[in-house]
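Working notes for the structure below.
The values are calculated or read from the model by the stated rules, or taken from the named source; none is laboratory data. Everything numeric in this text was worked out from a predicted model, so none of it was measured. With ideal geometry, Cβ positions are generated from the backbone for all residues, glycine too; neighbour counts draw on all protein chains shown.
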């Protein structure tokens, strides 16, 4: 059953590489960190535990190598395996001993259409909250579904087989939705379950040109530049649009839309303790940004693109609209930059880092974190030289809430205490 099918209104922007996020000149007017180690003007955050002031910075510990373009990592709750999305292949398991299992958990190489250097392939993975009992999980990938000349973004449901390390290869029923693309571009594609048990999906603005000339990100009738929210029901095929979505009864609006005004929400996450929503929006040519919405406040949010990029007007004389980001950094000297949104750490191995939001930059390799102060603003920015990595594609969390860093060239690292 197709409940979120969109055939002709998604115009996707072509990419020169996996994360083409910038270009043009930096006008130097952005307030924020420049990736050089300063605090970007953020306030200090007092340590709740005095011993944390002297705690050693975390390091990265190699977990696996030789993976093929790993771009996401996750696991069902309390599972000791790691499930890694390989962009060209499907999903592979790293078992509890650190061994990459030779047989993929899900091999999609026969149906996924991948173009080298493009934003295509297998893009997202989410396990049902009750996966241990029902074996349901969801995957986004690119495949020609609509008869266009390029790949379409598909969200499908799958199920584990009798072997817990191998999934049934065929999707369960028809795709939940697919977006027909006229050109390859900002597919986005991350999916995940929120604290409310609903499935969320992130789409880029899907415009073929800079500045979002089609206006898709601000158009509630278009899925481009949106966070979607879907009810996957109690059983396979029981898919619907939640009645409490903010625009479900608004004429001319897509009921699946939950928040809008985003350019490329490549990585977003919910804080597992508070339910707060963090989304890093990849900038066009001036500003990278992190937006935060407190638990229960995401529905109906306008994040501002393409009226503003970060806090800057896209066109001179515009009025800044939408939720203001809690953190931005500029493209120093017009250099390439592409923010990789991360996660709020809530694991047990590094208690002094609890509640800090980690993020990175694909181009520069820097890894930083901040926490939210009592006013809900970013504070206490920290940089971690020992976590600096090459071509970071994503952060990930295992079944116990511990944190990982993935590199496009095939390496997976665990973030660990010294």
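Keeping to the stretch 383-410, report how many residues are assigned to a strand (DSSP E or B) and in contact (Cβ under 8 Å) with a residue 60 or more places away in the chain. Lay out the reasoning, then the answer.
Step one: filter the stretch 383-410 for residues assigned to a strand (DSSP E or B), giving 383, 392-397, 403-407.
Narrowing further to those that are in contact (Cβ under 8 Å) with a residue 60 or more places away in the chain: 383, 393-397, 403-407.
Residues that pass the stated criteria total 11.
Restricting the search to the stretch 366-418, which residues are within 16 Å of the chain's Cα centre (by Cα) and surrounded by fewer than 23 Cβ atoms within 10 Å (Cβ to Cβ)?
If the condition is that a residue be within 16 Å of the chain's Cα centre (by Cα) and surrounded by fewer than 23 Cβ atoms within 10 Å (Cβ to Cβ), then 391, 397, 407, 408 are the ones that fit.
Could you tell me how many of the residues in the stretch 323-363 are surrounded by fewer than 22 Cβ atoms within 10 Å (Cβ to Cβ), in contact with a helix residue (DSSP H, G or I) (Cβ under 9 Å, 6 or more places away or on another chain) and part of a loop (DSSP other than H, G, I, E, B)?
The qualifying residues number 1.
Quickly run through the stretch 220-244 and pick out the residues that are under 22 Å from residue 263 (Cβ atoms) and assigned to a loop (DSSP other than H, G, I, E, B).
220, 221, 222, 223, 224, 225
Take the residues in the stretch 74-107 that are part of a strand (DSSP E or B) and without any contact (Cβ under 8 Å) to a residue 60 or more places away in the chain; name whichever of them is surrounded by the fewest Cβ atoms within 10 Å (Cβ to Cβ). Outline the logic, then answer.
Looking only at the stretch 74-107, we keep the residues that are part of a strand (DSSP E or B), and these are 74, 82-86, 90-94, 100, 106-107.
Remaining after also requiring without any contact (Cβ under 8 Å) to a residue 60 or more places away in the chain: 83, 85-86, 90, 92, 100.
Details: 83: 23, 85: 30, 86: 22, 90: 26, 92: 22, 100: 17.
In this case the residue turns out to be 100.
Name the single residue, out of those in the stretch 109-133 being over 15 Å from residue 187 (Cβ atoms) and touching a residue at least 40 places away in the same chain (Cβ under 8 Å), that is surrounded by the fewest Cβ atoms within 10 Å (Cβ to Cβ).
The qualifying residue surrounded by the fewest Cβ atoms within 10 Å (Cβ to Cβ) is 132.
How many residues does the stretch 175-194 contain that are modelled with pLDDT of 65 or more and in a strand (DSSP E or B)?
Initially, the stretch 175-194 is screened for residues modelled with pLDDT of 65 or more, giving 175-178, 185-194.
Still in the running and in a strand (DSSP E or B): 177-178, 191-193.
Going through the stretch 175-194 one residue at a time, the tally reaches 5.
Just to be sure before I move on: is residue 57 surrounded by fewer than 20 Cβ atoms within 10 Å (Cβ to Cβ), in contact with a helix residue (DSSP H, G or I) (Cβ under 7 Å, 6 or more places away or on another chain) and either at pLDDT below 95 or not in a helix (DSSP H, G or I) (or both) in the structure I sent? Before the answer, list the steps.
Values: surrounded by fewer than 20 Cβ atoms within 10 Å (Cβ to Cβ): yes; in contact with a helix residue (DSSP H, G or I) (Cβ under 7 Å, 6 or more places away or on another chain): yes; either at pLDDT below 95 or not in a helix (DSSP H, G or I) (or both): yes.
Against the criterion (surrounded by fewer than 20 Cβ atoms within 10 Å (Cβ to Cβ), in contact with a helix residue (DSSP H, G or I) (Cβ under 7 Å, 6 or more places away or on another chain) and either at pLDDT below 95 or not in a helix (DSSP H, G or I) (or both)), residue 57 qualifies.
Within the bounds of the stretch 367-382, is there any residue that is within 30 Å of residue 88 (Cβ to Cβ) and part of a loop (DSSP other than H, G, I, E, B)?
Here is the first cut: in the stretch 367-382, the residues within 30 Å of residue 88 (Cβ to Cβ) are 367-368.
Adding the requirement that they be part of a loop (DSSP other than H, G, I, E, B) leaves none.
Scanning the stretch 367-382 turns up no residue that is within 30 Å of residue 88 (Cβ to Cβ) and part of a loop (DSSP other than H, G, I, E, B).
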